[in-house]
């Protein structure tokens, strides 16, 4: 019997045995995609690799980490010339950033070993821990104040930002909540209101720090998971209108937030150029200097004490100055691919009836994509200035640590998807 005949006979056996309807129809390496409550269809997918995880996703993440490490060094190398950082060496920030990446990788390896069933079981407890830390950071002598904001808890070798943990905790809690409330997802008060109250409590604690940027990301994560979990569209849009109204009220009742909005509209005006529009105006100057191909790695002028927070919130402006439009477009392309890939892994999990795992992966995609969108928009002057770092790239221990843990959880979801597609158990 020829090879083709044996392959066809094998597919027929699979088809009539009921082991893999989609695999029998498409060659054994297909993803079963749910078309309705009871019907499935096979869609062509890349073959499951022996390593059992998504290698392209891992390589893109490592590329962003490496590029970020280089850019943090470039953006911070001149900081010791400033009297504020006179006691630091020129390699202080890059060494610490590399240390944070190392810690994050160790934590990511540990997180990858945890099955999604365990994450689901402990999601409410992790949410409770995040709430306790958000309260603790507001206590004098516990939380550390930097630039007027009380957002960090010092552990000696590094300062931890509870709001970063809160992003992951709310994500896991919202996914677990939707799985538990799946039967009442069409009823507003039983499906949406309890989750909305939980996010409101987190939001009040974050605004007390204040950290409106983290609150915005958490709201988008929670609302996105509710929507992807199947909450009625009319209820979702009603909730979105309420959220927009709430943020508008927060801005209108805060004088310094209103000033930021006005500065964003005209950062080069006499009233804003040396005030609330200072960072944005110099970020735009940096990106303008880069033109198409940039001035070359290390050649940025704006990082020489003109652009504040060049190694954190405004790292993209240094990328734009040193690598030009080509570098900025490449960076945007990497984040678009990363977000799309993570969302695809989530859809795979949901198609395999792993609803919690799928919602978690898609929540991570929303987190990475939305935060990158906000940071890039702020640096390009398309959005008002907001203190959000560029995921996986900007300097910051807590952010890098939690970003890598979140990516590890996505890789775990993909690993379990591949096990299921091989006929094993997650």
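Values quoted throughout were computed directly from the atomic coordinates according to the rules given, and no laboratory measurement underlies them. Worth saying up front: this structure is predicted, and the values here are computed from it rather than measured. Positions of Cβ are generated from backbone atoms using ideal geometry, with glycine treated the same way; all protein chains shown enter the neighbour counts.
Could I have the simple spin-label model distance between residue 128 and residue 207, label points 7 Å from Cα toward Cβ, reported in nm to one decimal?
Placing both labels 7 Å beyond Cα along the Cβ direction yields 2.7 nm.
Please compute the modelled spin-label separation between residue 63 and residue 157, points set 7 Å along Cα→Cβ, answer in nm with one decimal.
The answer from the label model is 3.2 nm.
What is the distance in Å between the Cα centres of segment 372-392 and segment 287-351?
10
Assign one of three labels to segment 59-421, namely rounded, prolate or oblate, based on the Cα gyration tensor with a ≥ b ≥ c the square roots of its eigenvalues; rounded applies when a/c is under 1.5, prolate when it is not and a/b is larger than b/c, and oblate otherwise. List each step's numbers first, then the result.
On the way: a/c = 1.64, a/b = 1.41, b/c = 1.16.
Prolate.
By per-residue mean of other Cβ atoms within 10 Å, what is the highest-first order of 383-396, 245-258, 124-137, 61-74?
Details: 383-396: 23.1, 245-258: 12.1, 124-137: 17.3, 61-74: 20.0.
In descending order of packing, they fall as 383-396, 61-74, 124-137, 245-258.
Under a plain spin-label model, where a point goes 7 Å from the Cα along Cα-to-Cβ, how far apart in nm are residue 121 and residue 233?
In this crude label model, residue 121 to residue 233 measures out at 3.9 nm.
Taking a ≥ b ≥ c as the square roots of the Cα gyration tensor eigenvalues, with a/c under 1.5 meaning rounded and otherwise prolate when a/b beats b/c, else oblate, which class fits segment 222-370? If you can, show how the numbers build up before the last one.
Working: a/c = 3.60, a/b = 1.43, b/c = 2.51.
Verdict is oblate for segment 222-370.
Mean projection of the alpha-carbon convex hull of segment 53-112 over all orientations, in nm²? Each step should come with its number before you reach the end.
Values: hull surface 18.4 nm².
If I average the Cα hull's projected area over directions, I get 4.6 nm².
Taking neighbour Cβ counts within 10 Å as the exposure measure, how do 265, 380, 315 sort from fewest upward? Display every interim value, and only then the final one.
On the way: 265 12, 380 17, 315 27.
Ordered from fewest to most neighbouring Cβ atoms within 10 Å, 265, 380, 315 come out as 265, 380, 315.
Regarding segment 77-146, what are the three Cα extents along the principal axes, ordered largest first, in Å?
Extents along the principal axes, in whole Å: 50, 32, 12.
Set the Förster radius R0 to 51 Å, insert the Cβ-Cβ distance between residue 422 and residue 78 as r into 1/(1 + (r/R0)^6), and round the FRET efficiency to 0.05. Working shown, then result.
Details: r = 53 Å, r/R0 = 1.03.
For residue 422 and residue 78, the calculated efficiency is 0.45.
Just want the ordering: 297, 284, from fewest to most Cβ atoms lying within 10 Å of their own Cβ.
Working: 297 15, 284 19.
Ascending Cβ contact count within 10 Å gives the list 297, 284.
Based on the alpha carbons, how large is the Rg to Rh ratio for segment 248-323 when Rh follows Kirkwood?
Numbers: Rg = 13.9 Å, Rh = 13.0 Å.
Using Cα coordinates only, the ratio equals 1.07.
Given 0.36 nm per residue, what is the gain on full extension from residue 252 to residue 70 after removing their alpha carbon distance, in nm? It would help to have the intermediate numbers written out before the result.
Values: separation 182, 0.36 × 182 = 65.52 nm, distance 3.96 nm.
Gain on extension, residue 252 to residue 70, equals 61.6 nm.
As a footprinting exposure proxy, order 312, 91 by other Cβ within 10 Å, with the fewest listed first.
Values: 312 20, 91 13.
Final ranking by Cβ density, sparse to dense: 91, 312.
May I ask you to compute the full-extension gain from residue 92 to residue 269, defined as 0.36 nm times their residue separation minus their alpha-carbon distance, rounded to one decimal in nm? Write out the running numbers ahead of the final one.
Values: separation 177, 0.36 × 177 = 63.72 nm, distance 3.56 nm.
Length gained, residue 92 through residue 269: 60.2 nm.
Once fully extended, how much extra length lies between residue 241 and residue 144, figured as 0.36 nm per residue of separation less the alpha-carbon to alpha-carbon distance?
On the way: separation 97, 0.36 × 97 = 34.92 nm, distance 3.48 nm.
Length gained, residue 241 through residue 144: 31.4 nm.
Need one word for segment 301-407: rounded, prolate or oblate. Basis is the Cα gyration tensor (sqrt eigenvalues a ≥ b ≥ c); a/c below 1.5 gives rounded, then a/b vs b/c decides. Write out the running numbers ahead of the final one.
Values: a/c = 2.80, a/b = 2.13, b/c = 1.31.
Prolate.
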